[in-house]
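*Asks:* Dumping the structure here so I can ask a few things about it.
The values are calculated or read from the model by the stated rules, or taken from the named source; none is laboratory data. Since this is a predicted model, take the numbers as computed values, not measurements. Cβ placement follows ideal geometry from the backbone for every residue including glycine, while neighbour counts extend to all protein chains displayed. The area values use the complete protein model at the heavy-atom level, side chains included, leaving out ligands, DNA and RNA. Shrake-Rupley method; radii C 1.70, N 1.55, O 1.52, S 1.80 Å.
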Amino acid sequence: MSLQMWHEFCGHGENFTAWKDGDFGHCFEQLVVVCPTHAILAIFSTFYIAASRPDFRMDIFPTMWYVKVRVVLAFLLGLVTVIEIVLTKLLNNILLNNVSYSDIVTAVIVTFAWFLHAVYVYKIRFMHWTTWRGPVSMVVIFCLPVISTIAELHTVILGRNNESSQLTKKVSVYVTAFLQILYCFSLLPKGDKLYLEDITDGCINSDSLEESETSRLTRFLGSRYGNISQESSQQNYVAESNSNFLSKLTFHWVQPLMVKGAKLKIKNVVDIFLLPDRLNTRFLYEKFTFILTSNSKTGQQKIDSSTNGEIHSDSSQRVPDVEFSNEDQHSNITLLSALHKTFGLEYYSIGLLKLLADSFGFAGPILLNLIVSYIENKNEPETNGYIYASGLLIVTLLGSICSSQFDYLCSVVGLKIRTVIVTTIYGKSLSVSSVSINKFSTGQITNFMSTDSDRIVNFCPSFHNVWSLPFQIAVSLFLLQQQVGLAFLAGLGFAILLIPINRWLAIKIGKLSNDMMEQKDGRVKVMNEVLFGMRVVKFYSWESHFKSKVSQLRDAELKSLKGRKYLDAMCVYFWATTPVLISILTFTTYSLMGNQLTAAKIFTSLSLFLMLISPLNAFPWVLNGLMEAWISLKRVQAFIAVLDMDINKYYVTNLGRLTDDVVLISNGEFSWQERLCDSRPDRNKSIEIGPKTTEETTTQRLMDVNINISVGQFVGVIGKVGSGKSSLLNAILAEMCRVKGHVYLAGVMEGFAYASQEPWIQHATVRDNILFGKEFNAKKYEQILEACALKEDLQVFPAGDKTEIGENGVTLSGGQKVRISLARAIYQDKSFYLLDDPLAAVDAHVAQHIYQKCIMGLLRTKTRVLCTHHTKFLTNADIVIVMEDGKVIKIGPPHEVLDHIELEFAIETGSIRSDSGVIKEISCHPDDQAGRLVEEEEKETGTVKMTVYSAYWKAVGTCLASMVLLALFLMQASRNVNDWWLSYWVAHSSSPEPQHINSTLQDVANVRLLYPVSELSSGYQIITKTISYQDTNRMYNLTGAGDNLIFYLTVYGCLAGANSIFTLARAFLFAYGGICAARVLHSKLLDTILKAPMTFFDVTPIGRIINRFSSDVYAIDDALPFIMNIFFAQLYGILGTIVITCIGLPWFSILLIPLALAYYKIQQYYRHTSREIKRISSVTLSPVYAHFSETVSGLAVIRAFREQERFKAENLAKLDDNQRAQFAARAASSWLGFRLQMLGVAMVTGIAFIAVLEHHFYSVDPGLVGLAISYALSVTNLLSGVVSSFTETEKQMVSVERAQQYIDRIPTESLEGVLLPPPFWPIQGSISFHQVYMRYRDNLPFALKNLSLEIRGTEKIGIVGRTGSGKSSLFLVLFRMVEIHKGNICIDGIDLHHLDLKDIRTRLAIIPQDPFLFSGTVRENLDPKSLYKDSALWKVLERCHLKVAVERLGGMDADVGERGRHFSVGQRQLICLARALLTKAKVICIDEATASVDLETDFLIQQTIHTEFSDSTVLTIAHRINTIMDSDRILVMENGAVAELAPTKILLQRPDSLFYKLVHGK
């Protein structure tokens, strides 16, 4: 009895035999060797799982990759045994003969043990062990299953069992052995754990590693308390935290976010969960930077993850944080190889999920075939039906899980890549030398961070499709050969012919994409410059010129886009029509070979054609995605590879002698030319070069510089405009290229205090600008405010020093910007100060105050270098350096040097300037918002409004949009009729006997259509579509097949031709419509921005506007029409499918009702959440661009203060916010995809089980079963596609919404007037202000109050007044930059309110304080509209003393560089003066036109102004006393009204006059 029991239990015809034929018995081996070892593994795993606690170990950095690999391997080891049992059943096709009870018991124990072990490995992160291997005991326990596997290997190698099940057993053991070997390799890295407190509180070094657990725990408790309070205040949920394995598998951890979105509680970034540890931006950046810059092949160096983020090597000398690379800037490691080393293993390993998903996808149709065969075969055991249905459930479930996890994990890797690309570009911009970065415009680098990073991220799905698609093709070909034999070669030959066509299309698309990106770079660059200089653009009425310039660049971009879209349309056309053409060829060949066509063969073959053609047509998209990623990678690589600032090589670190020198330059030669920088001089050798070429002379070059500055000295630098004063400071700061000579600088690592000539002001409060990251010290702060004469300004600011400053300081006057910049420099408390002409932009008594209280007061003990044109302030200097044409022509004490300088040009009796410049409402009103100037970016909530869709419809064109919808309808209708004709053909042409289905695939095939989804959603989306046709073995034989073959094929061909025509029309109409919409919306957006009033630009960051013209325009151009095309195609497809299905199977409509309700609920959840997340993503992206743009403009200041790491941290924080939104969007998408797939699984499985039950109790039609299952799959997955594509369309529509916000809501200037001025108006130039009131916004006080004055024609008026008195407001209302509230302003008796703005601004002239030059030639900057001849241009350049400088640069056609960087600030001001001289206007407004030029040049320029404008009315805001002393009258402004207006001499004779007090500093 016991032998019989063992015989039944062990199976395989054997008993419980211990040893037989030199090996263990099969049953004995299972029960004594395999089961006990795995049971021990399960027990120990359970113990350690229970012992794990979520204590401070939760604060570790993201789990290491090898631990994740271990989790996956343990899970797969558990899965192998289950798959072995299932395959044994399926392949042998019998019930319980080959699967014994011992097999089942062993499978349960082994599977349970490995699943528990997988949980244990995951829990290691919570365990009290210092390495990622876990406890040593578990490593030993793991060896026991390895020993049992060795015993099984011995058994299968001997091959004593010849049963058919031995094949699955062999494969199972081999796979298990392979996975265990991989597991052993994953145990090799020891991997010390890194703790978050190590990252934030200190670096990981030998000391911290030796720190006791007690001290760690103590430190943890302190930090954890703070974290708890912070989390409780924000109530933020960390993504994936505390989620178990099942939650991660089903994305249930996303549920709180979806519920919040459905309740419309997602308003901003704080409402979405925090990033998981593995997406920590700082960790990813430091890890990637270490790999990118490391030259060590062993990789043993450790990352110092302290707050300063530096990377330490074993070298004794600390690497300065301004240096990007450690030792060798010629490191061979490229961006691609660094990405490979950082994310390669993680990325490649998820390909296993892709392989499993594809395999399960092909297993589905096989199981469907088995179910239908089972229903047809009455003799097959009933249990098989339930096994097949269960197998269908398992296969579809596992396929859905693998597919959803692959998509999610792929997107996570993509986010990691985006993080490191953006942070690396930002970090590189901080470390690259100023000479090298000149090759790239701000627009280009912004595109690197936006579009290029997105295209590189798209590589993630594209690469895996490169091997996945050939795999699908190979399987499809094999199954097709089983259906129609060699006839499939006819269709395959045609498909192969399409490959070179698709390849050509992909290459052309890639080339056009590259061209389009370059053109986009140029357009964004110009827009950036226009926005930066918008004030000057409006003063000169250049809007039409720049609109034309941007439009030309946009037309070129659209030309490339048009070519690309039309080629895309060709791809879509081939994809849609090729299956029909191939089917005609194949079926014709099959019929001519004498074979009979049946429903099974026709519909199965059609399905296989679709399975074959989809990968073939998808290849262009995949290759195109790879090519675009490669192009973008090369673009970013070109930026990453440029020369870094290497201060170790620039400066001599050891003079070899004791010295108190702060600066020592010996035989120095410096250049702005990158060609010379590429020579990479080190500190010990110089580069000898020949005579200067034409290229080298285009920019300033310093030669023969020998300077010695000692500690505490006060050094003055003087020279004419363009002589090289600012370049000398840049040479000291290492911003130039050292061609030869030696430079020594004390305290290199400490940094220097630098106040640049063009003050760099951050978009922040006044206090934040001054503190610049330092802690607030009230006493020190008050002293600095007093020394910099800022207290009076702060009193009139609406919120004092808490007042927010506009971008680039647009809301401050020139003097205020200079003094805040100076205060920032002093607050940093450095030992060495470089001051670039800070006294030029302030009035005389303020300059004297700053000189006494600041330069000779607070800074008296510091080493100071002051560039200035005010030689009177250098009498107390220790050394004076005289520069001329890039050379030091004289150096020595003031009494020696200044005596040789002709001072007749520098006679000053004082200045009366009072920080005029550009004064906005910030300086003259109290504000109810406590100084807040820039509001948060406007963001819509709720669904995308119909007005947005209507705007896009109108942009496409009503007629064109209607034609697109009609073409879609006709395309779908012709396709449905085509399918119906095939059914009709088979129904009326069958063989005399019913044809049962015994093919590999029945009349159902799971067709995988690969739609390339928008580039913004990272790659390709697999959408499953099932084609099914009713079995025809029920139909009667109406006519012979051969009689009407030609007739049926002819009709079928005609229908296919009609479908082809409609498909072609739909593809090209959609492409054309998208281009039309892109052109119209960009044109409207550009018009709106150029017509917006200046108040809009004062309160709107440039980055926010650029985001519209960059990311949003790109979405409107490319992503939106693409995904909308997919949405409409799927929508029409589902409507056609539902109509045909309900006609054929009316009962199916009952199943659609609960299905529709479930889908409605899910899509409601998803759409509400994803839409808001998309908006948040767009809003959080603008600060990243704005901060980057601000950083690039202030590179020299940031580097001088050694504040790179703080700015990197700010970038990481802003990027982190955006990454949170991006990650949330991907998580929500995965949540939706998984649930939709689960609904499909439930639907198909339910129908399968119902079919088996009905077969058990009743008789059912196999054809109806196949039809029901296939159409259920079709409807489910098409609904999934519709929801996904509609949501994605809605998300991309947010870009239209954001553009439409500006188009509809930004107010425009009152451009058109009711009067035309006389042809030569103004003739006299008389100006009349009558009771003028003006304020900048409705809720602000008046900046001009009851202003009345008369200015006679040709009169010269000097304007003075303290800050906020309304001086610049006069110019603004004169040019109608701000409209007056009441009153009137007349010129020659004509009210300006009745004239066109263009007439006013082109007839008047202004020389602004802030000079603006845009990229282009000298000629374009002088005369953008090409109104004057070259002779006239040369003449004005000579009068402005610029002729020599322009000739040196290369003449009229020489490039001035981005924002005119090839000229000094003084030279740029002179170019603005030359523009005014060209106009010969009768009314000239001069706003400190010569603030940055030397005294001699200023004297000559004043003579030119008096000569050239002798017949003009000139209004001059005072700069130096000699500029207004010969004015006819002086206008003193106070509180927005006229305080004094009288001749100069009269006012100077009255000691009680305000003018007298201003002149004498009282």
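*Asks:* Are any residues in the range 877-891 touching a strand residue (DSSP E or B) at 6+ places or on another chain (Cβ under 7 Å) and in contact (Cβ under 8 Å) with a residue 12 or more places away in the chain, and if so, which ones? Don't jump to the end; show me each part of the working.
*Replies:* Going through the range 877-891, the residues touching a strand residue (DSSP E or B) at 6+ places or on another chain (Cβ under 7 Å) turn out to be 877-884, 886-891.
Within the range 877-891, 877, 878, 879, 880, 881, 882, 883, 884, 886, 887, 888, 891 meet the criteria.
*Asks:* Mind counting the residues in the range 713-770 that are open to solvent by less than 20 Å² (accessible area, probe 1.4 Å), outside any loop (DSSP other than H, G, I, E, B), of a type outside the set (S, T, N, Q) and over 29 Å from residue 786 (Cα atoms)?
*Replies:* 10
*Asks:* Check every one of the strands (runs of 3 or more DSSP E) wholly within the range 1345-1416 and list those with 2 or more residues that are touching a residue at least 60 places away in the same chain (Cβ under 8 Å), more than 19 Å from residue 1317 (Cβ to Cβ) and among the β-branched types (Val, Ile, Thr). Don't jump to the end; show me each part of the working.
*Replies:* On the way: elements: 1356-1361, 1382-1387, 1404-1407.
Qualifying strands (runs of 3 or more DSSP E): 1356-1361.
*Asks:* Does the range 471-482 contain at least one residue that is under 21 Å from residue 335 (Cβ atoms), more than 24 Å from the chain's Cα centre (by Cα), open to solvent by 10 Å² or more (accessible area, probe 1.4 Å) and of a type in the set (Val, Ile, Thr)? First the steps, then the outcome.
*Replies:* At the first step, the residues of the range 471-482 found to be under 21 Å from residue 335 (Cβ atoms) are none.
No, every residue in the range 471-482 fails to be under 21 Å from residue 335 (Cβ atoms), more than 24 Å from the chain's Cα centre (by Cα), open to solvent by 10 Å² or more (accessible area, probe 1.4 Å) and of a type in the set (Val, Ile, Thr).
*Asks:* Where the second residue is part of a helix (DSSP H, G or I) and open to solvent by 20 Å² or more (accessible area, probe 1.4 Å) and the first is within 20 Å of residue 623 (Cα to Cα) and charged (D, E, K, R) and lies in the range 485-509, which pairs have Cβ atoms under 6 Å and are six or more apart or on separate chains?
*Replies:* 508/567
*Asks:* Another question, then. Exactly one of (1) farther than 16 Å from residue 1327 by Cα; (2) modelled with pLDDT of 85 or more is unmet by residue 1513. Its number?
*Replies:* (1)
*Asks:* Do we find a residue being part of a loop (DSSP other than H, G, I, E, B) and either aliphatic (A, V, I, L, M) or farther than 18 Å from residue 1094 by Cα (or both) anywhere in the range 1429-1438? Explain how you work it out, then say what you get.
*Replies:* Looking only at the range 1429-1438, we keep the residues that are part of a loop (DSSP other than H, G, I, E, B), and these are 1429.
Checking the rest, the ones that are also either aliphatic (A, V, I, L, M) or farther than 18 Å from residue 1094 by Cα (or both) come to 1429.
There is at least one residue in the range 1429-1438 that is part of a loop (DSSP other than H, G, I, E, B) and either aliphatic (A, V, I, L, M) or farther than 18 Å from residue 1094 by Cα (or both).
*Asks:* A further question follows. Among the candidates 846, 810, 818, which residue alone is over 25 Å from residue 1102 (Cα atoms) and either hydrophobic (A, V, I, L, M, F, W, C) or open to solvent by less than 20 Å² (accessible area, probe 1.4 Å) (or both)?
*Replies:* Unique residue meeting the criteria: 846.
*Asks:* Go through the range 793-822 and give me each residue that's under 25 Å from residue 535 (Cβ atoms), out of contact with any Gly (no Cβ under 6 Å at 6 or more places or on another chain) and assigned to a helix (DSSP H, G or I). Before you say what the answer is, go through the steps one by one.
*Replies:* Keep residues of the range 793-822 that are under 25 Å from residue 535 (Cβ atoms), which gives 793-794, 796-799, 803-822.
Okay, now just the ones that are also out of contact with any Gly (no Cβ under 6 Å at 6 or more places or on another chain), so 793, 797, 805-812, 815-816, 818-822.
793, 807, 808, 809, 815, 816, 818, 819, 820, 821, 822 - these are the residues of the range 793-822 that are under 25 Å from residue 535 (Cβ atoms), out of contact with any Gly (no Cβ under 6 Å at 6 or more places or on another chain) and assigned to a helix (DSSP H, G or I).
*Asks:* Name the residues in the range 622-645 that are open to solvent by 10 Å² or more (accessible area, probe 1.4 Å), part of a helix (DSSP H, G or I) and under 21 Å from residue 423 (Cβ atoms), would you?
*Replies:* 633, 634, 635, 637, 638, 640, listed by residue number.
*Asks:* Would you point out which residue out of 1317, 1322, 1341 is touching a His at 6+ places or on another chain (Cβ under 8 Å) and in contact (Cβ under 8 Å) with a residue 12 or more places away in the chain? Break it down into steps so the answer makes sense when it comes.
*Replies:* Numbers: 1317 fails: touching a His at 6+ places or on another chain (Cβ under 8 Å); 1322 fails: touching a His at 6+ places or on another chain (Cβ under 8 Å).
The unique qualifying residue is 1341.
*Asks:* Within the range 407-441, how many residues are over 11 Å from residue 639 (Cβ atoms) and not in a helix (DSSP H, G or I)?
*Replies:* So the answer is 3.
*Asks:* Determine which single condition residue 1376 fails, assuming it passes every other condition in (1) touching a helix residue (DSSP H, G or I) at 6+ places or on another chain (Cβ under 7 Å); (2) open to solvent by 60 Å² or more (accessible area, probe 1.4 Å); (3) closer than 21 Å to residue 1309 by Cα.
*Replies:* (2)
*Asks:* Under the condition of being out of contact with any Phe, Trp or Tyr (no Cβ under 8 Å at 6 or more places or on another chain), of a type in the set (Phe, Trp, Tyr) and more than 24 Å from residue 87 (Cα to Cα), which residue from the range 123-179 is modelled with the lowest pLDDT?
*Replies:* Among those that are out of contact with any Phe, Trp or Tyr (no Cβ under 8 Å at 6 or more places or on another chain), of a type in the set (Phe, Trp, Tyr) and more than 24 Å from residue 87 (Cα to Cα), it is 129.
*Asks:* From the set of residues in the range 242-258 that are open to solvent by 30 Å² or more (accessible area, probe 1.4 Å) and without any contact (Cβ under 8 Å) to a residue 40 or more places away in the chain, which is nearest to residue 1232 (Cα to Cα)? Spell out how you get there, then give the answer.
*Replies:* Narrowing the range 242-258 to residues open to solvent by 30 Å² or more (accessible area, probe 1.4 Å): 242, 244-246, 248-250, 252, 255-256.
Imposing the further condition that a residue be without any contact (Cβ under 8 Å) to a residue 40 or more places away in the chain reduces the set to 244, 246, 248, 252, 256.
Details: 244: 19, 246: 16, 248: 14, 252: 11, 256: 14 Å.
Looking at residues that are open to solvent by 30 Å² or more (accessible area, probe 1.4 Å) and without any contact (Cβ under 8 Å) to a residue 40 or more places away in the chain, I get 252.
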